[in-house]
Every structure is written in C-alpha cells, then in structure tokens.
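This report concerns only the one structure given below.
The values are calculated or read from the model by the stated rules, or taken from the named source; none is laboratory data. The shown structure was predicted, so the numbers you read here are calculated from the model rather than taken from an experiment. All Cβ positions, glycine included, derive from the backbone under ideal geometry; neighbour counts span all protein chains shown.
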Amino acid sequence: MTTGDAVATYTIDPTSLRERPDDVGASWARVEELEELGERGDGERVAWLRILGALRAAEDLAWDDVVRHGGPGGMAALLASGPGGVPVSALRPLLRLAQVLHHAGRHVDAERVLEQVRTATVTHLHAPGADERLVRECSAVMAFADHGQGKVLFDAGRPAEAVSLFRAALDRRLRDGAPEDQVESSRLALAAATHALQTGTPAAAGPGFGVRRTASTGR
C-alpha cells in the first residue's frame with residue numbers, strides 16, 4: 001500500500017532478526033489504512049503495531065483476533081484447551097500473538113503459545129478426513145511455529161536450538177514450495193544462528209533482507 005510516494009516496507013536486521021520499518025511514517029499510515037478495513041485488516045495490523053513497537057495495542061488486538069477466529073480468549077484458557085480446543089482458523093492469529101509476546105520479552109509465554117499451536121496443528125493434521133488443503137495449511141503453520149520459536153531461542157542466547165528450528169523451518173518451506181520471501185527469511189535466520197553458535201558473537205551488521213509487508217503473518 002502507498003501513502004503519497006511512500007510504501008510501507010520493512011527490512012529484517014541480520015544481527016537481531018527483528019523487522020525494521022523502512023519508513024516509520026508510511027508504516028503508521030498503513031496501520032491507519034488497515035484500521036479502516038475493520039476486522040479484515042486486523043491480522044496485518046497486529047504485525048505492523050508489533051514492528052512499530054506498540055506492543056500493548058498489538059497484544060490486545062491479537063487476542064481479539066484469536067477470539068474472532070474461534071480461539072480461546074486468554075492465556076489461561078489457551079493452556080487449558082485440549083488438543084482439539086484450537087480451531088485451524090485460530091492458528092495464524094496465535095502465531096501473530098506469539099510474535100508480539102516475543103518482542104515484549106515474554107519468552108516463556110511466547111513459547112507456551114507456540115507449543116499450543118504445534119499441538120493443535122498435529123491434531124488437525126491427523127484428524128480423519130484431513131484434505132490436501134488442510135495438510136498444506138498445517139505444514140505452513142508448523143514452519144511458522146519452528147521459525148518463530150527459533151527466533152525466541154536465538155534471543156534467549158540458545159543458538160544451537162535455534163539452528164535446529166530454523167533448519168527445520170527452511171527444509172519444510174523448501175519442500176512445500178513456500179513463497180520465496182519466507183524461504184529467504186529462514187535462510188537469513190539460519191545463517192545468523194549458525195554464526196552465533198560457531199563464534200559466540202552476533203552476525204555482522206549488513207544490508208539485511210527487505211520485503212514489502214503485505215502478508216498477515218510475520219516471517
């Protein structure tokens with residue numbers, strides 16, 4: 001989307017693996033455009049609020065979006081839900097919520113959400129009558145969960161575990177023919193975590209990986 005001549009884009013920092021808005025003003029303008037769309041724009045709006053650092057607003061909106069898609073309305077309810085307690089429609093909203101919690105430094109909560117996503121995804125994947133479309137969606141969700149948990153562990157100073165998760169996400173995305181920006185995001189993350197594991201230091205700052213933000217789930 002454009003605002004004047006500005007386009008809302010971000011760049012993934014190769015050192016921190018965090019998204020950086022390329023034009024803060026254009027990014028906030030995009031948030032306003034998404035707000036005007038109502039519920040249809042909430043998924044992407046959660047992502048932009050997180051990237052811009054408005055974490056409380058992002059978390060509140062993320063939980064609202066989870067509920068609208070049939071999921072639990074809070075952490076206690078989520079953790080108490082059984083294997084089939086989270087519908088497929090709520091899996092991506094929960095992934096976005098986990099990203100917000102991660103950026104807020106709430107690593108334990110982020111991992112808890114991701115584990116619930118994994119459990120629910122496996123349950124749906126092996127349910128009787130699962131069709132090809134559901135299998136593809138579940139595989140994509142698992143790749144996002146692996147990538148997201150890898151970023152949590154990378155931030156927590158656990159590069160060996162992060163490498164394993166980033167490699168799993170990359171392998172799955174390559175096998176599934178995922179969009180190239182998702183594949184490149186996993187490659188960048190794997191390279192950063194591998195460097196940290198081998199040297200004990202973050203990867204050197206570089207140009208990063210720039211993508212136009214239009215998807216409703218982060219990389």
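So, ARG112, is that one within 25 Å of PHE154 (Cα to Cα), basic (Lys, Arg) and at pLDDT 95 or above or not? Against the criterion (within 25 Å of PHE154 (Cα to Cα), basic (Lys, Arg) and at pLDDT 95 or above), ARG112 qualifies.
Report, by residue number, each residue of the range 49-61 that is within 16 Å of VAL24 (Cβ to Cβ) and surrounded by fewer than 22 Cβ atoms within 10 Å (Cβ to Cβ). Those that are within 16 Å of VAL24 (Cβ to Cβ) and surrounded by fewer than 22 Cβ atoms within 10 Å (Cβ to Cβ): LEU52, GLY53, ALA54, LEU55, ALA57.
Residues in the range 65-114 that are touching a Ser or Thr at 6+ places or on another chain (Cβ under 7 Å), farther than 16 Å from LYS151 by Cβ and assigned to a helix (DSSP H, G or I): LEU91, ARG92.
So ALA58 clears everything in (1) touching a residue at least 24 places away in the same chain (Cβ under 8 Å); (2) farther than 26 Å from ALA120 by Cβ; (3) hydrophobic (A, V, I, L, M, F, W, C) except one condition, right? Which one? It is condition (2) that ALA58 fails.
When GLU35 is tested against the conditions (1) surrounded by 16 or more Cβ atoms within 10 Å (Cβ to Cβ); (2) at pLDDT 95 or above, the lone failure is (1).
Among the residues of the range 13-34, those identified as in a helix (DSSP H, G or I) and either in contact with a strand residue (DSSP E or B) (Cβ under 8 Å, 6 or more places away or on another chain) or among the acidic types (Asp, Glu) (or both) are GLY25, ALA26, SER27, ALA29, ARG30, GLU32, GLU33.
Among the candidates ALA120, ALA104, the residue that is at negative phi and touching a Pro at 6+ places or on another chain (Cβ under 9 Å) is uniquely ALA120.
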